[in-house]
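For reference, the structure is listed below as structure tokens.
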Amino acid sequence: MKLTGAQILLESMVKEGVDKIFGYPGGAVLDIYHALSDYPLQHFLVRHEQGAVHAADGFARASGRTGVALVTSGPGATNAITGIATAYMDSIPLVIFTGQVPTKLIGNDAFQEVDIVGISRSCTKHNYLVKDVKDLARTIKEAFYLARSGRPGPVLVDLPKDVVAARTEYYYPKQVSMRSYNPTYKANKRQIQKGVTLIKKAKRPLIFTGGGVIASDAHAELTRLARQLEIPVTSSMMGLGSFPGNDPLHLGMLGMHGTYVANMAVNYTDLLIAVGVRFDDRVTGKLETFAPEAKIIHIDIDPTSIRKNVSVDVPIVSDCKRALEAINEEFAPILSQEDLPRKFASWRDKIRAWEESHPLSYEDNGEVIKPQMVVEKLYEITKGEAIIATEVGQNQMWATQHFKYHKPRTLLTSGGLGTMGYGFPAAIGAQVAFPDKLVIDIAGDGSIQMNIQELTTAVCHRLPVKIIILNNCCLGMVRQWQELFYDRNYSFTCLEQMPDFVKLAEAFGAEGYRIQAKEEIDPVLRQALSSPYTAVVDVLVEQGENVYPMVPSGAGLNEMLLV
Amino acid sequence: MRHTLSVLVENEPGVLSRVAGLFSGRGFNIESLNVAPTLEDGVSLMTIVTDGEELIIEQIKKQLRKLITVIKVVDMNEVKYVDREMILLKVNATEQTRAEVLRIVDIFRCKVVDVSPTELALEATGDRGKIKALTNLLVRFGIKELARTGSVAMRRSMQIED
């Protein structure tokens, strides 16, 4: 039987295991929306296409599945771009379907036409314009395969209106064969052995984990390696949750707003075992002084990540999980003969001393609520059993410093692109994936206003996401830089006109709470978190509070500004 | 250092802009880029001449391989290879200078492909050095127009050490 392009698209999604999609209809996708109700696909109607892609992204990060977004042509597609670029920078598997004007109008500047394949080329792993309905099924198969295999990422498929309306015989390929795409999953044995030799010789080893550990579901293997050798672990922001944040071996995050102990450990380690990281500038600080005494083992599935920013002694191109399995296997016989953990004991003592001399701290003085307190309270109340999404800026740094992530896929945050407005729609996506889990967006008053329209989406779909606004009435992180590096010239960062977030929440049909005094923090947070409804908690916090430690841009990791 | 890269690509719409966009987006340098179909259906060969430090060249190769539509990347600098470029140029040739221009044509084994009372159009092929020498010699007569293909390159069958 012949199916329309729209039917082929929806049928293929079902075959790929998709059951939830995020989208927004429009002229060019009318045929798809017309056929949608015939398929076992739950569609979540957002209020802005950026929200759709962030929600699909949050869904993917929280669940490990591929997120799907469906938007219309022209402005629908361009609105999706920020979401796509966010997912691309953080290697999140998404497939984005965009409508397009009919093929015969392409290039004519037709109504709601943009060259979205051209626009999205540099922020997708790959993209397609389907010009013939006969190519549609194979293209969808490839799109899902590319999105989730190798180093994951967003793939965009542009669907002209006449292609989704046309009919053809439907055959969904079982397998993909692409001669030009063969990711390396299995580590080279000799490289593994070289790495093991370095670890055996090391005196002050340090494991550095990133998002790749989470993407490849390698947290168990990573945890085993660290625990059996008793090697301390630090993580990039994207790597938080890859190793239990409450384990004494975990030093917290490194980099610009990393902990004192993590940055000092990087500075003095003689062997950095970097797993699933890409040595972003926010992590390394000044490259010339990064890990100056260390040899580096670098495991990553993407060869371009290796030797891009730092030179590496033992590169291992591999899926993190497989490489770590291989390393653990090599160590099994070694550990029965050698007491490596004992060898690293004095190094761990040194680390313990740094940890004790400079723990994460802030000054708690007077009546004003400190934002860090709120995050600490959230951790205390939830005991870490929550999915935390963040916006971008100070709220994000406090959420990553003062909340401990015990498990992978419990922190959803825009690492690479730093997208304000990411957290709330991502939290919606995570709540869709896990209706029964507690999902909290730790937000700032600036960021939350960038996608606040999604309150309708959450309320409409009865998603009990909690938004905790650390409201300092300013764009805090930029204000911090202005205070420290731009002569305290607070140019356009103090937001004088602030909406009443409680009333706003209520207007959207959500619950609104306000916390103005310290003694309100505990009871009001508990009340909001236990509510079965979407809730916004507006917490008025100190405006001038800064995030510390801080490594100024361009400085070395050992040149931290402390509280 | 200058590197010549042979890049086998799927011949589909947009492949050129994927490659060119990669270079511009990451600030890599393209000195010349030549692309044409191969004998195999659906496959084209790009020859890209680029310039950069070793780490940059390594990134360029890795980034090219990462493109989904790129099948194979060979760095010709790692093997023995021949490279050639073709140029067409139109040079002033008056009664006084015509004989000398034609002598140069002869020495460089160029072809005259078009003639007018005041100009000669020449076709020449050669490696970079030869093309440079030829244009240097002709520039004093006045080169009116110039069109170059950019390098194409091929691995030598016998990889004999120097």
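Take B:Val113 and decide whether it is part of a strand (DSSP E or B), farther than 20 Å from A:Lys308 by Cβ and free of Cβ contacts under 8 Å to residues at least 40 places away in the same chain. So B:Val113 fits the description; yes. Is region A:214-225 home to any residue that is of a type in the set (Asp, Glu), buried (at least 17 other Cβ atoms within 10 Å of the Cβ) and over 23 Å from the mean Cα position of the chain (by Cα)? Among the residues of region A:214-225, not one is of a type in the set (Asp, Glu), buried (at least 17 other Cβ atoms within 10 Å of the Cβ) and over 23 Å from the mean Cα position of the chain (by Cα), which makes the answer no.
Tell me, which residue of region A:303-313 that is assigned to a loop (DSSP other than H, G, I, E, B) and on the phi < 0 side of the Ramachandran plot is farthest from the other protein chains (Cβ to nearest Cβ)? Across region A:303-313, the extreme among qualifying residues is A:Asp313. Within region B:136-162, the residues that satisfy the criterion of being of a type in the set (S, T, N, Q), closer than 14 Å to B:Met76 by Cα and open to solvent by 60 Å² or more (accessible area, probe 1.4 Å) are B:Ser157, B:Gln159.
I'd like the full set of residues that are in a helix (DSSP H, G or I), in contact (Cβ under 8 Å) with a residue 40 or more places away in the chain and in contact with a strand residue (DSSP E or B) (Cβ under 6 Å, 6 or more places away or on another chain), limited to region A:95-143. Listed by number, the residues that qualify are A:Thr103, A:Ile116, A:Val117, A:Val133, A:Ala143. If we scan region A:507-514, do we find a residue that is of a type in the set (Ser, Thr, Tyr), in contact with a Leu (Cβ under 6 Å, 6 or more places away or on another chain) and closer than 30 Å to A:Gly366 by Cβ? No.
Identify all residues within region A:120-143 that are open to solvent by 30 Å² or more (accessible area, probe 1.4 Å) and either under 23 Å from A:Gly58 (Cα atoms) or more than 12 Å from chain B (Cβ to nearest Cβ) (or both); write none if there are none. Once the filter is applied, which keeps residues that are open to solvent by 30 Å² or more (accessible area, probe 1.4 Å) and either under 23 Å from A:Gly58 (Cα atoms) or more than 12 Å from chain B (Cβ to nearest Cβ) (or both), region A:120-143 yields A:Arg121, A:Ser122, A:Lys125, A:Asp132, A:Lys134, A:Arg138, A:Lys141. Out of curiosity, is A:Ala110 open to solvent by less than 60 Å² (accessible area, probe 1.4 Å), away from chain B (no Cβ under 14 Å), among the small types (Gly, Ala, Ser) and touching an Asp or Glu at 6+ places or on another chain (Cβ under 9 Å)? It is false that A:Ala110 is open to solvent by less than 60 Å² (accessible area, probe 1.4 Å), away from chain B (no Cβ under 14 Å), among the small types (Gly, Ala, Ser) and touching an Asp or Glu at 6+ places or on another chain (Cβ under 9 Å).
Of all the listed residues (A:Val478, A:Val465), the sole one being buried (at least 24 other Cβ atoms within 10 Å of the Cβ), under 23 Å from the mean Cα position of the chain (by Cα) and not small (Gly, Ala, Ser) is A:Val465. Could you list, in sequence order, the residues of region A:233-269 that are in contact with a Pro (Cβ under 8 Å, 6 or more places away or on another chain) and part of a loop (DSSP other than H, G, I, E, B)? Hits for region A:233-269 are A:Gly241, A:Ser242, A:Leu249, A:His257, A:Gly258, A:Thr259, A:Thr269.
Inspect all residues belonging to region A:285-302 and state whether any of them is within 14 Å of chain B (Cβ to nearest Cβ), closer than 24 Å to A:Gln401 by Cβ and crowded, with 22+ Cβ neighbours inside 10 Å. Checking region A:285-302: not a single residue is within 14 Å of chain B (Cβ to nearest Cβ), closer than 24 Å to A:Gln401 by Cβ and crowded, with 22+ Cβ neighbours inside 10 Å.
Scanning region A:57-67 turns up no residue that is without any contact (Cβ under 8 Å) to a residue 12 or more places away in the chain and farther than 15 Å from A:Cys123 by Cα. Scanning region B:40-63 for residues that are in contact with a Leu (Cβ under 7 Å, 6 or more places away or on another chain), open to solvent by less than 30 Å² (accessible area, probe 1.4 Å) and among the hydrophobic types (A, V, I, L, M, F, W, C) turns up B:Val43, B:Met46, B:Ile48. Scanning region A:12-70 for residues that are surrounded by fewer than 22 Cβ atoms within 10 Å (Cβ to Cβ) and β-branched (Val, Ile, Thr) yields A:Val14, A:Val18. Picking from residues in region A:144-156 that are at the interface with chain B (Cβ under 10 Å from one of its Cβ atoms), open to solvent by less than 30 Å² (accessible area, probe 1.4 Å) and not in a helix (DSSP H, G or I), the one that is nearest to A:Asn79 (Cα to Cα) is A:Val155. Would you pick out the residues in region A:170-181 that are open to solvent by 40 Å² or more (accessible area, probe 1.4 Å) and either over 20 Å from B:Asn11 (Cβ atoms) or facing chain B (nearest Cβ under 10 Å) (or both)? The answer is A:Tyr170, A:Tyr171, A:Lys174, A:Gln175, A:Arg179. Only residues that are surrounded by fewer than 24 Cβ atoms within 10 Å (Cβ to Cβ) and hydrophobic (A, V, I, L, M, F, W, C) were counted across region A:158-169, and they come to 2. When the test is whether a residue is in contact (Cβ under 8 Å) with a residue 12 or more places away in the chain, hydroxyl-bearing (Ser, Thr, Tyr) and within 30 Å of A:Asn127 (Cβ to Cβ), B:Thr69 passes it.
On the stretch given as region B:1-17, residues that are open to solvent by less than 30 Å² (accessible area, probe 1.4 Å) and within 16 Å of B:Glu58 (Cα to Cα) total 5.
Yes or no: A:Ser447 surrounded by fewer than 16 Cβ atoms within 10 Å (Cβ to Cβ), outside any strand (DSSP E or B) and not β-branched (Val, Ile, Thr)? Spelling it out, it is not the case that A:Ser447 is surrounded by fewer than 16 Cβ atoms within 10 Å (Cβ to Cβ), outside any strand (DSSP E or B) and not β-branched (Val, Ile, Thr). Where helices (runs of 4 or more DSSP H) sit wholly within region A:314-383, those with at least 1 residues that are among the aromatic types (Phe, Trp, Tyr) occupy A:320-337, A:345-357, A:371-382.
In region A:182-222, which residues are outside any loop (DSSP other than H, G, I, E, B) and either within 14 Å of chain B (Cβ to nearest Cβ) or small (Gly, Ala, Ser) (or both)? Across region A:182-222, the qualifying residues are A:Gly195, A:Gly211, A:Gly212, A:Ala215, A:Ala220. Taking region B:18-39 as the range and being buried (at least 16 other Cβ atoms within 10 Å of the Cβ) and either out of contact with any Ser or Thr (no Cβ under 7 Å at 6 or more places or on another chain) or small (Gly, Ala, Ser) (or both) as the test, the residues that pass are B:Val19, B:Leu22, B:Phe23, B:Ser32, B:Leu33.
The values are calculated or read from the model by the stated rules, or taken from the named source; none is laboratory data. This one's a predicted model, so the numbers in the text were calculated from it and none came from an experiment. Don't worry about glycine lacking a Cβ; one is built from the backbone with ideal geometry, like all the others, and counts go over all protein chains shown. Each accessible area value is taken on the protein alone, full model and side chains, heavy atoms only, with ligands, DNA and RNA left out. Shrake-Rupley method; radii C 1.70, N 1.55, O 1.52, S 1.80 Å.
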